[in-house]
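Enquirer: Please see the structure below; I have some questions.
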Amino acid sequence: MCSDLRSWPIFSSLESEFISQIHMIMIFGKLHKKTLIVTRDKMVYVLDLYDCLKTGNKTSTPYLKEIEDLRGKDIKTFAYGMGPHILALTNGGEVYSCDNVDCQLENGICKFTLMKMSMIKNNQNMRVVDIACGCYHSIILTENDEVYAWGSNNSGQMDNSIYGLSTTPKLVLSNVVCISCGNDFTIAVTRNGKVYGWGRNNVGQLGIGNHGSKNATQQTLSIETNNINDLLHVRRHCGYMRRGRLENKNMMPQLIDMGEDLVVVKVTCGFEHTLALTDKGNIYAWGGNMFGQLGIGNQTECCKPIMVKQIEKMRWIDITAMNNSSIAVTEAGRVYIWGVDCHSNNIVTPTITSSSNIPDMLVHYGSKHYGQYTMVMQKSMILDEEPNILECLRIAFDNSSTSDLKIQVEGKCIHVHKALLKIRSLHFRNMFEHDWTENNQNVVKINTFSYVVYKAYLKYLYTNTVDLPFKNISELFDLANAYFENTLKKQCIRIIKQGITVSDVAYFYSIAVKYNIKELEEFCVQLAVSHMTTVVETENFAKLDQNLMKTFIIKASKAGCFKN
């Protein structure tokens, strides 16, 4: 994975040996020419590709300097705000901060200061588990599920009493498990799956159904000060000012209506939009949509949660929003992007990429795109993270270096593992435990199903997902029926119901009758009721035998297709 970084301009000058030791990176700054690097030995460096432009030394190499304040601190993650400021979180729960990063780098330094958590809450040492940054604000999540927020104080000394704002963290919300910051708003998920937002709302960033403020008495405040620093502080940390009043700003957390049955497990914010992943594997989005980053098929902003479009039914397992782009991964391991892509195109619906995971996608993305803020990361990216057991199984499928058995179909071999097949499949368990001819063979030949379908079946045993074109689903159902794979049969039925069209409804009706699937049979009839004239003109309807055709018409009639 780390070797891929050499294709990224900012890393091209580094030695291969150094790149191989990189554990974590975070790109930041205009034109994404700066990065924080954590190596495997827990050393932290800052790399500035265009330091030579600021020093006037046209022959100098990119600036690479160790950050001594973070040496050996076991960094868990970084968070970046375009103010610009950076937070660093250690695995021990400590937080370090660096304000005015660009100015520091111009002077050849990058100073991080340890935040004293004991000063925040009654002299109690709080352990922090996550961090996030907006443009001019920061938040932390503690191990007690509490969210604290504060301003970054980039403007110098400020009056901490203005409207409850402070340069030290203040408690905002409790019972929280996930946090994320946009440019000037914050989204949080509570332990019961509810979502809250606060901050600016001019393009519906908060998802509360409007572009205004629900708690207007607290959000629209008169400014009674002549101190210019106070005014700058209010603008930077609370929102933009219009005629001496704060507008489109919710300073108190607002509950976002996600619907009664939706449980959100993760949120991630871009510049002006949010993605929310539910426990059912769906993605909802809201906020700015100028570049199609909501993935809803258009470029119209939306002030309430709306489900991201899907060409076919899929279960999402991870999401990342980055500036005006959105990235997500399916259960089958496919990575999709929408919004601004690596060629500066605006994509309005999720589009599949060639990457196998989000880090791969970001490396590919970063090596090709040069927009001013497009590749800026709000959180760091771990490059050498160990895969979990599900990822290991996905990688093991059709891997010749670890397999102990080959399944040959249509002359092509699929590399598998006997132990896993015995655990996952009754068919293979019987094959390997009883006196079958194939029991003692290293290559098992299959002649009853096509290669593409059989490979999809074997991959299903490893990943529990169906990765197959819709046109082949009926053959996979035949296999599932022959191998007594009841769970796979249910998945096939679900896929059929989601992908069936008027042109093939008669065909799938015949499948439903053949296997006595009452659920699918009824679904086909109900679909045909509204389109009977078109259905009877299809090729699949003409292929039905006379008795089945008669039965189909009778059932459609009883369902009301011939009523005036």
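Enquirer: I'd like to check something: does the range 44-56 contain any residue that is among the aromatic types (Phe, Trp, Tyr), at pLDDT 90 or above and not in a loop (DSSP other than H, G, I, E, B)? Walk me through it before giving the result.
Expert: Here is the first cut: in the range 44-56, the ones among the aromatic types (Phe, Trp, Tyr) are 45, 50.
From what's left, at pLDDT 90 or above: 45.
So of that shortlist, the ones also not in a loop (DSSP other than H, G, I, E, B) come out as 45.
Yes, some residue in the range 44-56 is among the aromatic types (Phe, Trp, Tyr), at pLDDT 90 or above and not in a loop (DSSP other than H, G, I, E, B).
Enquirer: Take LEU421 and decide whether it is farther than 30 Å from VAL513 by Cβ, assigned by the TED database to the domain that holds GLU521, touching a residue at least 40 places away in the same chain (Cβ under 8 Å) and not in a strand (DSSP E or B).
Expert: Numbers: farther than 30 Å from VAL513 by Cβ: yes; assigned by the TED database to the domain that holds GLU521: yes; touching a residue at least 40 places away in the same chain (Cβ under 8 Å): yes; not in a strand (DSSP E or B): yes.
In short, yes.
Enquirer: I'd like to check which strands (runs of 3 or more DSSP E) are fully inside the range 266-322 and have at least 2 residues that are more than 16 Å from the chain's Cα centre (by Cα).
Expert: 302-307
Enquirer: I've got another one for you. Determine which member of the set ALA542, ALA559, ALA512, ALA482 is hydrophobic (A, V, I, L, M, F, W, C) and without any contact (Cβ under 8 Å) to a residue 12 or more places away in the chain.
Expert: Working: ALA559 fails: without any contact (Cβ under 8 Å) to a residue 12 or more places away in the chain; ALA512 fails: without any contact (Cβ under 8 Å) to a residue 12 or more places away in the chain; ALA482 fails: without any contact (Cβ under 8 Å) to a residue 12 or more places away in the chain.
From the options ALA542, ALA559, ALA512, ALA482, the qualifying one is ALA542.
Enquirer: Restricting the search to the range 438-467, which residues are buried (at least 19 other Cβ atoms within 10 Å of the Cβ), under 22 Å from LYS514 (Cα atoms) and not aromatic (Phe, Trp, Tyr)?
Expert: VAL453 - this is the single residue of the range 438-467 that is buried (at least 19 other Cβ atoms within 10 Å of the Cβ), under 22 Å from LYS514 (Cα atoms) and not aromatic (Phe, Trp, Tyr).
Enquirer: Restricting attention to the range 78-102, which residues are of a type in the set (S, T, N, Q) and on the phi > 0 side of the Ramachandran plot? I'd like the intermediate steps shown before the answer.
Expert: Here is the first cut: in the range 78-102, the ones of a type in the set (S, T, N, Q) are 90-91, 97, 100.
ASN100, the sole residue that qualifies.
Enquirer: Among (1) modelled with pLDDT under 90; (2) surrounded by fewer than 19 Cβ atoms within 10 Å (Cβ to Cβ); (3) out of contact with any strand residue (DSSP E or B) (no Cβ under 7 Å at 6 or more places or on another chain), there is one condition ARG315 misses while meeting the rest; what is its number?
Expert: It fails just one condition, (3).
Enquirer: Further, regarding this structure: For the range 290-301, indicate whether the set of residues that are under 19 Å from LEU262 (Cβ atoms), buried (at least 20 other Cβ atoms within 10 Å of the Cβ) and touching an Asp or Glu at 6+ places or on another chain (Cβ under 9 Å) is non-empty.
Expert: Among the residues of the range 290-301, at least one is under 19 Å from LEU262 (Cβ atoms), buried (at least 20 other Cβ atoms within 10 Å of the Cβ) and touching an Asp or Glu at 6+ places or on another chain (Cβ under 9 Å), which makes the answer yes.
Enquirer: In this structure, is LYS73 in a loop (DSSP other than H, G, I, E, B), over 26 Å from the mean Cα position of the chain (by Cα) and at pLDDT 80 or above?
Expert: Values: in a loop (DSSP other than H, G, I, E, B): yes; over 26 Å from the mean Cα position of the chain (by Cα): yes; at pLDDT 80 or above: yes.
The answer is yes for LYS73.
Enquirer: Another question, then. Under the condition of being in a helix (DSSP H, G or I) and aromatic (Phe, Trp, Tyr), which residue from the range 459-502 is farthest from THR538 (Cα to Cα)? Even if it seems obvious, please write down each step before you answer.
Expert: Here is the first cut: in the range 459-502, the residues in a helix (DSSP H, G or I) are 459-463, 470-482, 486-499, 502.
Then drop every residue that is not aromatic (Phe, Trp, Tyr), which leaves 460, 462, 470, 477.
On the way: TYR460: 33, TYR462: 38, PHE470: 19, PHE477: 23 Å.
Among them, the one singled out is TYR462.
The values are calculated or read from the model by the stated rules, or taken from the named source; none is laboratory data. Everything numeric here is computed off the predicted structure, so don't read it as measured data. Reconstructed Cβ throughout: ideal geometry from the backbone, glycine too, with neighbour counts over all protein chains shown.
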